[in-house]
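Quick notes on the structure that follows.
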Amino acid sequence: MSRAVRLRLALVAAALVCLAAPPATAADYAGLLIDAHSHLSSARAADAYVEAMKRHNVSRVVLLAVGGEQKDDAAWLAAAARKYPDRVIVAQPLPDPTDDGAAARLDAALEKSRARIVGEVHMRQVGRKSFDRDPSGPAFGRILEVCARRGVPIVIHYELTDAAAAALERALGAHRKATVILAHAGEGPPARVEGLLARHPNLVVDLSGMHFQRKPALAPETGPLDPAWKALVERHPERFLMGVDVWSPRLFEPAMLDRLLRWTRRVLGELPPEVAERVAHRNAASLFRLE
């Protein structure tokens, strides 16, 4: 066999090896990470979560109330902040955003607590426990005025439809100095969220609760990041926050926390490094005045 033939055969073999090899995958994101949206399920749940934070290099967690559903939220959150002051950022609870006196009570509570964030405020959900509150109504408008004056962002659970998005647009347009964080990416779809982002610079979106245990998910546990969500985040990197959204007791089991935080870093690793840094920690650090 001639040298030329042997060379051609070697090149063909190398090409076949390359074709058979699995495609290269992005490395997991290894930088700073702030969990911008999580909860507590009990008075002791913070201990398990902080231990997981140490294992996975999560520097801070924003702990939110659960929209008035847990009567002991305020006490649990305060205790977690006292025990872990360098890890935990506590939001100011707001259980009923439709009450006429809610804005005045929130203003007084923020004066006392100096909280850097309000929420999670339940505005619209269809399913497990349904509620449908108008963000463009007068009661919530006064709440947004308080948040704007104090420079404190407010996190809302608000599942989008075309009609719901229109109501949110009215609220965002009427209170342009208020920063609204739309939790769980408003349940999507990306095209609807992008329209809101394009028209309202005072809207921020968090990607909490979109892990493999929930639907819609950004990605399965081991599969790729959804292309439409990936493209949207890359077009608006300064407008997204990453959150894990632990709440139910089963999510605080150490093995599950490890799975969720490994998934979080894997998904972030699919983004360009500059985008991943913004979503993972830089946006949250700026918004919550951690820098």
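The values are calculated or read from the model by the stated rules, or taken from the named source; none is laboratory data. Since this is a predicted model, take the numbers as computed values, not measurements. Please note: Cβ atoms are built from the backbone with ideal geometry, for glycine as well, and neighbour counts cover all protein chains shown.
For the reader, a short list of remarks on this structure follows.
- Screening the range 128-219 for helices (runs of 4 or more DSSP H) wholly inside it with 1 or more residues that are over 22 Å from residue 276 (Cα atoms) and within 19 Å of the chain's Cα centre (by Cα) returns the ranges 162-174, 190-199.
- The lone exception for residue 185 - which of (1) crowded, with 18+ Cβ neighbours inside 10 Å; (2) modelled with pLDDT of 95 or more; (3) of a type in the set (A, V, I, L, M) it fails: (2)
- Among the residues making up the range 263-279, those that are more than 11 Å from residue 26 (Cβ to Cβ) and of a type in the set (A, V, I, L, M) are 275, 279.
- When residues of the range 271-281 are limited to those that are charged (D, E, K, R) and surrounded by fewer than 20 Cβ atoms within 10 Å (Cβ to Cβ), the one nearest to residue 114 (Cα to Cα): 277
- In the range 93-102, the count of residues that are free of Cβ contacts under 8 Å to residues at least 40 places away in the same chain, surrounded by 21 or more Cβ atoms within 10 Å (Cβ to Cβ) and closer than 17 Å to residue 160 by Cβ is zero.
- Residue that is surrounded by the most Cβ atoms within 10 Å (Cβ to Cβ), among those in the range 44-92 that are among the small types (Gly, Ala, Ser) and over 22 Å from residue 153 (Cα atoms): 46
- In the range 9-43, residue farthest from residue 244 (Cα to Cα) [restricted to those that are loosely packed, with under 14 Cβ neighbours inside 10 Å and modelled with pLDDT of 50 or more]: 25
- Of the residues making up the range 220-236, just one is part of a loop (DSSP other than H, G, I, E, B) and among the β-branched types (Val, Ile, Thr), namely 222.
- The combined condition, being touching a Ser or Thr at 6+ places or on another chain (Cβ under 8 Å) and modelled with pLDDT of 95 or more, is fulfilled by residue 170.
- For the range 237-254, a residue qualifies if it is closer than 30 Å to residue 151 by Cβ, more than 12 Å from the chain's Cα centre (by Cα) and part of a loop (DSSP other than H, G, I, E, B), and exactly one does: 247.
- In the range 52-97, the residues that are under 17 Å from residue 289 (Cβ atoms) and not in a loop (DSSP other than H, G, I, E, B): 60, 61, 62, 63, 81, 88, 89, 90, 92
- The single condition among (1) more than 15 Å from residue 287 (Cα to Cα); (2) not in a loop (DSSP other than H, G, I, E, B) that residue 119 does not meet is (1).
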